[in-house]
Amino acid sequence: MKSIKRIGLILLIAGISIFTFSLIFPSYEITDYTVNQHFDPIIDGYQIDLKKAAEEGDTSAVTQAKIKVDSYSALRDRLLTTKGDYGVNFVALSSAIRTQLNEHNEALKAESNWDAVIWDAPRDFAASMMRPAATGPSVEMKGLFLFLTFGLAMIGGLMYILPNVVLMGPPGIKNHHVFHEKATNRGWIGWLVFVWLVSFYILLYFFPDYTLGWVFPTDPASQFLKNQDASRWFLYGLMYCSVMTVMAIRMYVKYRNNRYQIVRTSSVLFFQVAFAFLIPELLTRFNRPSMDFKNIWPLDYDFFFNWNLDQLIAEGTLGVFMLVWGIALIVVAVPVFVYFFGKRWYCSWVCGCGGLAETLGDPYRQLSDKSVKAWKIERYLIHGVLVFAIFMTGVTLYTYFSGVSQVAGVDTYDVQKTYGFLIGSVFSGVIGTGFYPVMGSRVWCRFGCPLAAYLGLVQRFKSRFRITTNGGQCISCGNCSTYCEMGIDVRWYAQRGQNIVRSSCVGCGICSAVCPRGVLKLENGPEEGRINDNPIIIGKEGIQLSTDVTK
């Protein structure tokens, strides 16, 4: 069994290494053919619009279409000057393309010819130009490279995990050497994983023109699902589901004696694969608006953006259903379900962010900071993000219905752009997942998720959920606090026999699972008596009953 684990580890490292270095596998050569392959469909589309507008006698539309045809034709001529063989130097090629786009737009802006400006994001534009210019083994044998990256990593991961069914002995949660392993105690392996994750997220979010080498091998899967070549977001979705699947099997092995953990893990895996990945991709295949039906505002922060509202309304019955569904989740499902089940119904059973934290992040859950200082930062930060999300959505809706672009001198687009960069990309992605190996598995959920803040407020003040504690049985081993990924000092409550009703608790149940004395129990009960105050006090003078209980 140990040999199988070693082979699995080698395959896992090989798959990740091939994936990482596949960035530099494609070679790029800009020719007349590659430039025209990018521009011809765009220019042909505007020429069709021009012809249609001319037939209808719409002079304004004719003028707009002609401006676009001229602008794209001029930019095409500019980009023909970048022809050449760039080899694997995708940085130089991207720079050359973005330079031509910027110079083209700056000249138009200087003439105040705003309708002719091409407003595409420069790096996205460069990526779309570079795609047809790529050649090489990973571009021509995509299926093989999909196996050498995703396939090898998944097979290796499973070969490393499954022998633990035998090697770990009888069922039971075992966290042996978790504070001695270099991968799980902020050792050099942990820091190496941290650097890899942070680098991956930075490239994924902010440098789409540099990540084409990662995207090409996923084209076959994308063509199969939605009949289109893959994008960086398809790559991310496929990787997200693949990682969660392998690490969910690790959860099944580790927690195989605990039915709650097995069912909960199956639930988050199902909602991620089906609701967050397959259904949105299939909707795209059938030219319908893509939607993750379990994603709820304010986590789904662009739900009320103009483009999304217009798209849903224009779609007709399906779009209106999506709009009503999204609003119903916010105003009905959240308060009702949290009242009956606590925030765990979403954070630990449905949410994709929570699902990744519970699977990929499980080896790091003991690294969460339990200090009072961290708790104070958590409260200010997560509720600050919630206020930011509410403010952004407020000005967005005001802009949508009033038609103005500014509210009290504040440009709505700037607010959206700032939120998207700081919260939607840096906080939720780069920090939220990249910091797993050094700050624990729920960095985003604990410090940044505005939906978790909303759920937590309802849970704290109006819910039947609580974790009850039997203080008389607590031996103060500290397992519960150690493995609480939300940084709650569970032992403090257990020693006092006090119910845990913290707004940050996601109800993962690990504290209860690792307790050797059965002190902790997750319950949904009457609101009366839910918040109790130290019924059993353990102090220097021994164990005492609180005065509230003895009355």
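Residues are listed down the side, and each one gets a yes or a no for (1) under 30 Å from Ser71 (Cα atoms); (2) surrounded by 14 or more Cβ atoms within 10 Å (Cβ to Cβ); (3) acidic (Asp, Glu):
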position: Asp124; (1), (2), (3): yes, no, yes
position: Leu148; (1), (2), (3): no, yes, no
position: Asn164; (1), (2), (3): no, yes, no
position: Phe179; (1), (2), (3): no, no, no
position: Lys182; (1), (2), (3): no, no, no
position: Ile189; (1), (2), (3): no, yes, no
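Counting the residues of region 316-343 that are at pLDDT 95 or above and among the charged types (D, E, K, R) gives 0. Scanning region 108-149 for residues that are touching a Leu at 6+ places or on another chain (Cβ under 7 Å) and more than 30 Å from Asp77 (Cα to Cα) yields no hits at all.
Sub-9 Å Cβ pairs linking a first residue in region 143-162 that is in contact (Cβ under 8 Å) with a residue 40 or more places away in the chain and of a type in the set (Asp, Glu) to a second residue that is assigned to a helix (DSSP H, G or I) and open to solvent by less than 50 Å² (accessible area, probe 1.4 Å), at least 6 apart or interchain, number zero. Applying the condition of being under 27 Å from the mean Cα position of the chain (by Cα) and within 30 Å of Gly169 (Cα to Cα) to region 9-51 and asking which residue is most open to solvent (accessible area, probe 1.4 Å) yields Ile13. Checking every residue in region 268-289 against the condition of being surrounded by fewer than 16 Cβ atoms within 10 Å (Cβ to Cβ) and either within 30 Å of Lys174 (Cα to Cα) or touching a Ser or Thr at 6+ places or on another chain (Cβ under 7 Å) (or both) gives at least one match.
Across region 44-99, the number of residues qualifying as without any contact (Cβ under 8 Å) to a residue 40 or more places away in the chain and of a type in the set (Ser, Thr, Tyr) comes to 8. Applying the criterion of at least 3 residues that are more than 30 Å from Val458 (Cβ to Cβ) to the helices (runs of 4 or more DSSP H) found wholly in region 277-332 leaves 279-285, 306-315.
Residue count for region 71-85, restricted to those that are touching a strand residue (DSSP E or B) at 6+ places or on another chain (Cβ under 9 Å) and surrounded by fewer than 19 Cβ atoms within 10 Å (Cβ to Cβ): 5. Is there a residue in region 110-122 that is open to solvent by 20 Å² or more (accessible area, probe 1.4 Å), without any contact (Cβ under 8 Å) to a residue 40 or more places away in the chain and of a type in the set (A, V, I, L, M)? Checking region 110-122: at least one residue is open to solvent by 20 Å² or more (accessible area, probe 1.4 Å), without any contact (Cβ under 8 Å) to a residue 40 or more places away in the chain and of a type in the set (A, V, I, L, M). Scanning region 1-53 for residues that are closer than 27 Å to Val195 by Cβ, among the small types (Gly, Ala, Ser) and in contact with a helix residue (DSSP H, G or I) (Cβ under 7 Å, 6 or more places away or on another chain) yields a total of 4. For beta carbons closer than 8 Å, sequence separation of 6+ or different chains, a first residue in region 505-525 that is open to solvent by less than 60 Å² (accessible area, probe 1.4 Å) and a second that is assigned to a loop (DSSP other than H, G, I, E, B) and aromatic (Phe, Trp, Tyr), the qualifying pairs are Ile510/Tyr483; Cys511/Tyr483; Ala513/Tyr255; Val514/Tyr483.
The residue pairs whose first member lies in region 250-261 and is touching a residue at least 60 places away in the same chain (Cβ under 8 Å), whose second member is open to solvent by 60 Å² or more (accessible area, probe 1.4 Å), and whose beta carbons are closer than 6 Å, counting only pairs six or more residues apart or on different chains, are Val253/Val165; Arg256/Pro171; Asn257/Pro171.
Residues satisfying the criterion are absent from region 98-121 (criterion: touching a helix residue (DSSP H, G or I) at 6+ places or on another chain (Cβ under 7 Å) and hydroxyl-bearing (Ser, Thr, Tyr)). Does region 340-363 include one or more residues that are under 17 Å from Leu451 (Cα atoms) and of a type in the set (Ser, Thr, Tyr)? For region 340-363, residues under 17 Å from Leu451 (Cα atoms) and of a type in the set (Ser, Thr, Tyr): present.
Within region 485-500, restricting attention to residues that are open to solvent by less than 10 Å² (accessible area, probe 1.4 Å) and on the phi < 0 side of the Ramachandran plot, which residue is farthest from the chain's Cα centre (by Cα)?
Once the filter is applied, the top-ranked residue is Ala494.
Here Leu318, Leu309 are screened, and the one residue that is in contact (Cβ under 8 Å) with a residue 60 or more places away in the chain, farther than 23 Å from Met239 by Cβ, surrounded by fewer than 20 Cβ atoms within 10 Å (Cβ to Cβ) and aliphatic (A, V, I, L, M) is Leu309. Across region 326-340, what is the number of residues that are within 16 Å of Phe305 (Cα to Cα) and touching a residue at least 24 places away in the same chain (Cβ under 8 Å)? Total meeting the criteria: 2.
Condition check for Trp492 on (1) out of contact with any helix residue (DSSP H, G or I) (no Cβ under 7 Å at 6 or more places or on another chain); (2) under 18 Å from Arg365 (Cα atoms): one failure, at (2).
Evaluating Tyr346 against the criteria (1) of a type in the set (Phe, Trp, Tyr); (2) more than 21 Å from Ile467 (Cα to Cα); (3) open to solvent by less than 40 Å² (accessible area, probe 1.4 Å) leaves one unmet condition, (2).
Output the helices (runs of 4 or more DSSP H) that fall wholly within region 124-204 and possess 3 or more residues being more than 23 Å from the chain's Cα centre (by Cα) and within 17 Å of Asp362 (Cβ to Cβ), or say none. Write out each step before concluding.
Working: elements: 137-140, 142-146, 152-161, 164-167.
Helices (runs of 4 or more DSSP H) meeting the threshold: 152-161.
Considering only residues that are hydroxyl-bearing (Ser, Thr, Tyr), more than 14 Å from Gly157 (Cβ to Cβ) and open to solvent by less than 30 Å² (accessible area, probe 1.4 Å), which ones fall in region 241-264? Scanning region 241-264 gives a single hit, Tyr255.
The set of residues in region 436-484 being surrounded by fewer than 21 Cβ atoms within 10 Å (Cβ to Cβ) and closer than 27 Å to Thr418 by Cβ consists of Val438, Leu457.
The values are calculated or read from the model by the stated rules, or taken from the named source; none is laboratory data. If you're wondering where the values come from, they're calculated on a predicted model, not measured in any experiment. Neighbour counts are summed over all protein chains in view; Cβ atoms, including those assigned to glycine, are modelled from backbone coordinates with ideal geometry. We work out accessible area using only protein heavy atoms, side chains counted, and drop any ligands, DNA or RNA first. Shrake-Rupley method; radii C 1.70, N 1.55, O 1.52, S 1.80 Å.
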